[in-house]
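The values are calculated or read from the model by the stated rules, or taken from the named source; none is laboratory data. Model, not experiment: these values are computed from the prediction. Backbone-built Cβ (ideal geometry, glycine too); neighbour counts: all protein chains shown.
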There are 2 protein chains.
Amino acid sequence: MSSNLQEQRPRVAEAVRSQAERRKRVVIVGGGFAGLAAARALRKSDAEVVLIDRRNHHIFQPLLYQVATAILSPAEIAAPIRQLEAKQRNVSVLLSEITGVDVASRTIEAVSSGADVRQIAFDYLVVATGVRPSYFGHDEFARYAPGLKSLTDAETIRAKILGAFELAVMTEDERERARQMTFVLVGAGPTGVELAGSLAHLTKVTLRGNFHRIDPAKASIILIEGAKRVLPTFAESVSRKAAGRLEKLGVKVVTDVRVETIDDKGVIAGGNRIPSATVLWTAGVAASPIPKMLGTKTDRVGRALVDPFLKVVDAPGVFVVGDAASVMQNGHPVPGVAQAAIQEGRYVGRLIEKELKGRQVERPFRYFDKGNMAVIGKNYAVLERGWLHTSGFLTWLVWAFVHILSLPQLQNRLRVQRQWLWTYFTGQRSSRLIPEPRILT
Amino acid sequence: MSSNLQEQRPRVAEAVRSQAERRKRVVIVGGGFAGLAAARALRKSDAEVVLIDRRNHHIFQPLLYQVATAILSPAEIAAPIRQLEAKQRNVSVLLSEITGVDVASRTIEAVSSGADVRQIAFDYLVVATGVRPSYFGHDEFARYAPGLKSLTDAETIRAKILGAFELAVMTEDERERARQMTFVLVGAGPTGVELAGSLAHLTKVTLRGNFHRIDPAKASIILIEGAKRVLPTFAESVSRKAAGRLEKLGVKVVTDVRVETIDDKGVIAGGNRIPSATVLWTAGVAASPIPKMLGTKTDRVGRALVDPFLKVVDAPGVFVVGDAASVMQNGHPVPGVAQAAIQEGRYVGRLIEKELKGRQVERPFRYFDKGNMAVIGKNYAVLERGWLHTSGFLTWLVWAFVHILSLPQLQNRLRVQRQWLWTYFTGQRSSRLIPEPRILT
């Protein structure tokens, strides 16, 4: 039950400990892939690790789109951070939001409920606060086009999609009905592509026979991408295959077109208005405000520029990892994907442990790209790994296998696997809930 | 795609149909146990059935307390009403809220999103709108003590319970910590008893080892009942056993004591203040406002008084079933339980079908009591059925078996069964989520 978490504790207690005998404290902000990996890499360390998140749960983000399309329940891709860290005795978990960082005095300011503000001192700080949706300066789009970064986002999108069909049933106006049954996805990166594929399957299979007055299979799904092709970070041949598969599923793919406006009527893209009641934002992201609080240089989207050791220049003991960091390697940015976040977190955890033991770390961080995948509807995925490009059913099996194994707890692995088998063989989805107060717009 | 749902449709279409050839329309308001049973009883009927609910999903209410205590996910005890009714061709499902009933002109007023108000005509109306928490004239309690009637309620309670431990970790004030770790349940009917038992298991088993600075097993769980014993509607010997089991699980049972105040500090009961951050309301319920709109007599809690055929007097073709109805039998009220709701719904569905065929119904509704059960923590339940009173492990197995079989879809049955096995053997709970924005008070 010992703790020196609180700086407001009696000074006597602090005074009896000399600087030398005090256990070093590593504060990790963010319980995503990077933060958890950093905490775990410190499991054999003498340091006291404080893991802070404003959520009580870790999210397996690669499957968020399946929560948004009613295949999975929120809890199936989430795990309580406390439970994940229960066996690691040197970690304390704190549910708090960070409101300030003072690099000079080595403290952060954390707010829990209400007005309860506390200062927490650190010897090492690892910022792993990730990204959130960003609308490229058009924050007014946020109201009409939710992004997909948290479980709340996923539930909002789920309610919008399911609610659109409920509203389509009720209207007698053909144009309004068509607007309700038009879904526009802005951004054809992996999230946009995967969401579009899953949405196509939902409308064509899952909802079949559920409505007497409308045919959900007639819904329009339009995927708009500003770049010249879908999955622009993948190889061109992979993009072509992905686009072909999407078209086969009935998704209308529009590339090289920019979205100019998103409002309550729909979108304007490439000068054309597309009436749509459900616009989803799968385009840009920006870093949380935390990296900016470090007083260091950040890139265009607020990610901290770090040195090859993932350290913040001029702020000894401060690291930024995962999507919150802008890491360059061979002149290219390390991509904002789960495997990069895990590798960065683990690297920094190990580096801190070595420094605590008085050893020098000479090898900078190296990102090892294990390959990238995207799934498109049922039975089809694309994969690229170096020179290897594959697509189709076997790739889809590999995708499913890799994702099941990567889930945080045995429990999640079993549950997701069962849901997939159920959806695969019955076409049904198990989480078709519109929460109260229902969101129908 | 045919429908005469909309009264605003061209009058020509209506005019060509004579009164005789028009299909009769049965409007059922509420997709709970009673409403669904009524719809199903009409499956072979020629009538057009319109099933209206303000939620898109049916909830299996007897297991709501397990969502509130993180054992089950919301979707596991819910099923989309559309999916449940997909095979019954004469049912249309409508997601709307009822804002008015005009018994004289036989129309109801339904509001969907925003300002979209519509009039729906009916030949028969079945009101099955259930109950909501009621604070006996103390509506100010609602803010501090949520009741448990919807999935949203269950998630609110779950966030409060899990959040209390997070706040207990953060405070340095011993009294505040004790307040955060004190849970007061007001009302020891089946919901209060089952919630208390599940909460005891959560604190003693599931959360063990998840906190370094506090011991969740030391949480106080206080169950307050105004009557002389817990489970006051059960036999006295059953109440005694239930109370004994609760005490064994560490729940403090306080009977014959009334709660006078609930505020942000806790409760005042029997003149004593109990500091508590988490007060849960498992006491009173009242009917939704719909029965009052019928212009008929209602009882003290707003339930419609119906005749022995569950008809509303002076309103031909209008029925009230389930918790929304006050039904007397042999001088005793029929209890507000799932089996009564199902029997009433089925009875009215069949009665309407017979009337549509021109037959007279002479047998009034008879409630057949299949028995009542309550589960208390792990491995223990009580049951009474007529002269038969049992308790213990075997009764608990019967309880589990009956509840699994009663769930609405095969999918729910499989999922709940697996979650129970998981929780039974590992002590873990699978839905420990505090949603954003988190509710920590």
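As for region A:171-187, it holds at least one residue that is facing another protein chain (nearest Cβ under 9 Å) and either in a helix (DSSP H, G or I) or not hydroxyl-bearing (Ser, Thr, Tyr) (or both).
Residues in region A:188-202 include none that are among the charged types (D, E, K, R), assigned to a strand (DSSP E or B) and under 25 Å from A:GLN66 (Cα atoms). On inspection, A:GLY349 passes the criterion of being among the small types (Gly, Ala, Ser) and either surrounded by 13 or more Cβ atoms within 10 Å (Cβ to Cβ) or within 14 Å of chain B (Cβ to nearest Cβ) (or both).
When A:THR191, A:THR233 are screened for being modelled with pLDDT under 95, in contact with a helix residue (DSSP H, G or I) (Cβ under 9 Å, 6 or more places away or on another chain) and hydroxyl-bearing (Ser, Thr, Tyr), only A:THR233 passes.
Quick check: anything in region A:203-211 surrounded by 24 or more Cβ atoms within 10 Å (Cβ to Cβ), closer than 23 Å to A:GLY427 by Cβ, away from every other protein chain (no Cβ under 14 Å) and not β-branched (Val, Ile, Thr)? No, region A:203-211 contains no residue that is surrounded by 24 or more Cβ atoms within 10 Å (Cβ to Cβ), closer than 23 Å to A:GLY427 by Cβ, away from every other protein chain (no Cβ under 14 Å) and not β-branched (Val, Ile, Thr).
Residues in region B:362-378 that are in a loop (DSSP other than H, G, I, E, B) and over 22 Å from B:LEU51 (Cβ atoms): B:GLU362, B:ARG363, B:PRO364, B:ARG366, B:TYR367, B:PHE368, B:ASP369, B:LYS370, B:GLY371, B:ILE376, B:GLY377, B:LYS378. The combined condition, being within 14 Å of another protein chain (Cβ to nearest Cβ) and not in a helix (DSSP H, G or I), is fulfilled by B:SER430. Would region B:219-230 turn up any residue that is in a helix (DSSP H, G or I) and either out of contact with any Pro (no Cβ under 9 Å at 6 or more places or on another chain) or among the polar types (S, T, N, Q) (or both)? No, there is no match, as no residue in region B:219-230 is in a helix (DSSP H, G or I) and either out of contact with any Pro (no Cβ under 9 Å at 6 or more places or on another chain) or among the polar types (S, T, N, Q) (or both).
Under the condition of being out of contact with any helix residue (DSSP H, G or I) (no Cβ under 9 Å at 6 or more places or on another chain), among the acidic types (Asp, Glu) and farther than 24 Å from A:LEU294 by Cβ, the residues counted in region A:322-381 number 1.
Taken together, the residues in region B:117-149 that are in a loop (DSSP other than H, G, I, E, B) and either crowded, with 23+ Cβ neighbours inside 10 Å or in contact with a Ser or Thr (Cβ under 8 Å, 6 or more places away or on another chain) (or both) amount to 8. Selection of region A:246-271 for residues being of a type in the set (D, E, K, R) and under 16 Å from A:SER220 (Cα atoms) yields A:GLU247, A:LYS248, A:LYS252, A:LYS265. Looking at B:ALA79, B:ALA38, just one residue is touching a strand residue (DSSP E or B) at 6+ places or on another chain (Cβ under 8 Å), under 18 Å from B:ILE342 (Cα atoms) and outside any strand (DSSP E or B), and that residue is B:ALA38. As a summary of the residue check, A:ILE268 satisfies the conditions (1) touching a Gly at 6+ places or on another chain (Cβ under 8 Å); (2) over 21 Å from A:TYR65 (Cα atoms); (3) of a type outside the set (Lys, Arg) except for the one numbered (1). Look at region A:148-169: where a residue is over 18 Å from B:PRO80 (Cβ atoms) and a partner is of a type in the set (S, T, N, Q), sitting 6+ places away or on another chain with Cβ atoms under 7 Å, you get A:LEU148/A:THR191; A:LEU148/A:THR282. Within region A:389-413, the set of residues being among the small types (Gly, Ala, Ser) and in contact (Cβ under 8 Å) with a residue 40 or more places away in the chain comprises A:SER391, A:SER406.
If you filter region A:109-126 down to residues that are under 18 Å from A:GLY35 (Cβ atoms) and among the hydrophobic types (A, V, I, L, M, F, W, C), you find that the one that is modelled with the lowest pLDDT is A:ALA110.
Yes or no, residue by residue, for (1) farther than 19 Å from A:LYS241 by Cα; (2) in contact with a Ser or Thr (Cβ under 7 Å, 6 or more places away or on another chain); (3) crowded, with 17+ Cβ neighbours inside 10 Å; (4) assigned by TED's automatic domain parsing to the domain that holds A:GLN329:
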| site | (1), (2), (3), (4) |
| --- | --- |
| A:TYR367 | yes, no, yes, no |
| A:ARG385 | no, no, no, no |
| A:GLY392 | no, no, no, no |
| A:LEU405 | yes, no, no, no |
| A:GLN409 | yes, no, yes, no |
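Taking (1) of a type in the set (A, V, I, L, M, F, W, C); (2) surrounded by fewer than 20 Cβ atoms within 10 Å (Cβ to Cβ); (3) under 20 Å from the mean Cα position of the chain (by Cα) in turn, A:MET373 satisfies each apart from (2). The set of residues from region A:166-185 being hydrophobic (A, V, I, L, M, F, W, C), within 19 Å of A:TYR144 (Cα to Cα), crowded, with 19+ Cβ neighbours inside 10 Å and in contact with a strand residue (DSSP E or B) (Cβ under 9 Å, 6 or more places away or on another chain) comprises A:LEU167, A:MET181, A:PHE183, A:VAL184, A:LEU185. Taking the criterion of being closer than 24 Å to A:SER431 by Cβ and out of contact with any strand residue (DSSP E or B) (no Cβ under 8 Å at 6 or more places or on another chain), the residues of region A:131-161 that qualify are A:THR152, A:ALA154, A:GLU155, A:THR156, A:ARG158, A:ALA159.
Every residue, every condition in (1) without any contact (Cβ under 8 Å) to a residue 60 or more places away in the chain; (2) assigned to a strand (DSSP E or B), yes or no:
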{"residue": "A:GLU247", "(1), (2)": "yes, no"}
{"residue": "A:LYS252", "(1), (2)": "yes, yes"}
{"residue": "A:ILE268", "(1), (2)": "yes, yes"}
{"residue": "A:ARG273", "(1), (2)": "yes, yes"}
{"residue": "A:ALA286", "(1), (2)": "no, yes"}
{"residue": "A:GLY295", "(1), (2)": "no, no"}
{"residue": "A:ARG300", "(1), (2)": "yes, no"}
{"residue": "A:PRO308", "(1), (2)": "yes, no"}
{"residue": "A:ASP323", "(1), (2)": "no, no"}
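Does region A:335-344 contain at least one residue that is more than 19 Å from the chain's Cα centre (by Cα) and farther than 20 Å from A:ASP123 by Cα? No, there is no match, as no residue in region A:335-344 is more than 19 Å from the chain's Cα centre (by Cα) and farther than 20 Å from A:ASP123 by Cα. Annotation: of all residues in region B:379-421 being of a type in the set (Gly, Ala, Ser) and part of a strand (DSSP E or B), the one that is nearest to the other protein chains (Cβ to nearest Cβ) is B:ALA381. Screening B:PHE425 against (1) of a type in the set (Phe, Trp, Tyr); (2) away from chain A (no Cβ under 14 Å); (3) farther than 30 Å from B:ARG240 by Cβ leaves a single unmet condition, (2).
Counting only residues that are more than 14 Å from every other protein chain (Cβ to nearest Cβ), crowded, with 18+ Cβ neighbours inside 10 Å and charged (D, E, K, R), region A:85-116 holds 1 of them. Would you say B:ARG359 is exposed (fewer than 14 other Cβ atoms within 10 Å of the Cβ), more than 16 Å from the chain's Cα centre (by Cα) and at pLDDT 95 or above? Criteria not met by B:ARG359.
Screening B:GLU225, B:GLU236 for residues that are among the charged types (D, E, K, R) and without any contact (Cβ under 8 Å) to a residue 12 or more places away in the chain leaves exactly one candidate, B:GLU236.
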